[in-house]
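Structure first, then comments.
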Amino acid sequence: SPDGQRIVTASEDKTAKVWEAQTGQELMTLIGHDAGIRSAVYSRDGRRVVTASLDGTAKVWDAQAGKELLTLTGHDNWVSSAAYSPDGQGIMTASWDKTAKVWDAQTSTELLTLTGHNGGVFSAGYSPDGQRIVTGSGDHTAKVWEAQTSTELLTLAGHARGVTSAVYSPDGRRI
């Protein structure tokens, strides 16, 4: 969690768990996905958790109560990762359907779909200022996108295998 007090883990057992960081005590189990969970991430304010699952959905949870708040549906295959935008208003998901999507974090409305990869998308995340998105794909590339319009800005090619993770540096100047 942003305050360092809790840890969230994702599992192939279809659950995510929240733990007390100092003692390792299990605080709650998030149950609701129909397949394994590939990622679990806190919102910047620590009030919510988003999980990404092989069931093709992402779910938003109340981080204190463990209650499911929203389900993001619209991908045609596994959802491999999810991340909050820096302002907490958007959620980015990456999927094996070769797309990444941006969702309204309050309503679960799909806002944008990023298309252009020729393989499943393993990861997607925002630049620190929220203006750009980076995706990593099984097509051996990472791509940089304009976050408001989903315009592809740059392709980073050169890996011999899939790009399983791509993230911005804290200052936003490097990937």
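The values are calculated or read from the model by the stated rules, or taken from the named source; none is laboratory data. Owing to the predicted nature of the structure, the values given are computational and were not obtained by experimental measurement. Virtual Cβ from ideal backbone geometry, glycine too; neighbours counted across all protein chains shown. Just the protein is used for accessible areas: all its heavy atoms, side chains included, with ligands, DNA and RNA removed. Shrake-Rupley method; radii C 1.70, N 1.55, O 1.52, S 1.80 Å.
Can you pull out every residue in segment 1-40 that is outside any strand (DSSP E or B), among the polar types (S, T, N, Q) and over 16 Å from the mean Cα position of the chain (by Cα)? Scanning segment 1-40 gives 5, 22, 23, 25. Taking the numbered list (1) in a loop (DSSP other than H, G, I, E, B); (2) farther than 23 Å from residue 124 by Cβ; (3) not hydroxyl-bearing (Ser, Thr, Tyr) in turn, residue 75 passes all entries but (2).
Pairs are defined by a Cβ separation below 8 Å, a sequence spacing of at least 6 or placement on different chains, a first member in segment 41-63 that is within 14 Å of residue 95 (Cβ to Cβ) and in a strand (DSSP E or B), and a second member that is acidic (Asp, Glu) and open to solvent by 20 Å² or more (accessible area, probe 1.4 Å); the pairs so defined are 53/34. Of the residues that make up segment 76-95, is at least one closer than 30 Å to residue 146 by Cβ, touching a His at 6+ places or on another chain (Cβ under 8 Å), open to solvent by less than 10 Å² (accessible area, probe 1.4 Å) and not basic (Lys, Arg)? Scanning segment 76-95 turns up at least one residue that is closer than 30 Å to residue 146 by Cβ, touching a His at 6+ places or on another chain (Cβ under 8 Å), open to solvent by less than 10 Å² (accessible area, probe 1.4 Å) and not basic (Lys, Arg).
Please tell me if residue 101 is closer than 26 Å to residue 142 by Cβ, of a type outside the set (Asp, Glu), out of contact with any Phe, Trp or Tyr (no Cβ under 8 Å at 6 or more places or on another chain) and without any contact (Cβ under 8 Å) to a residue 40 or more places away in the chain. Yes. Across segment 1-26, the qualifying residues are those that are among the basic types (Lys, Arg) and open to solvent by less than 90 Å² (accessible area, probe 1.4 Å), and the one among them that is nearest to residue 55 (Cα to Cα) is 17.
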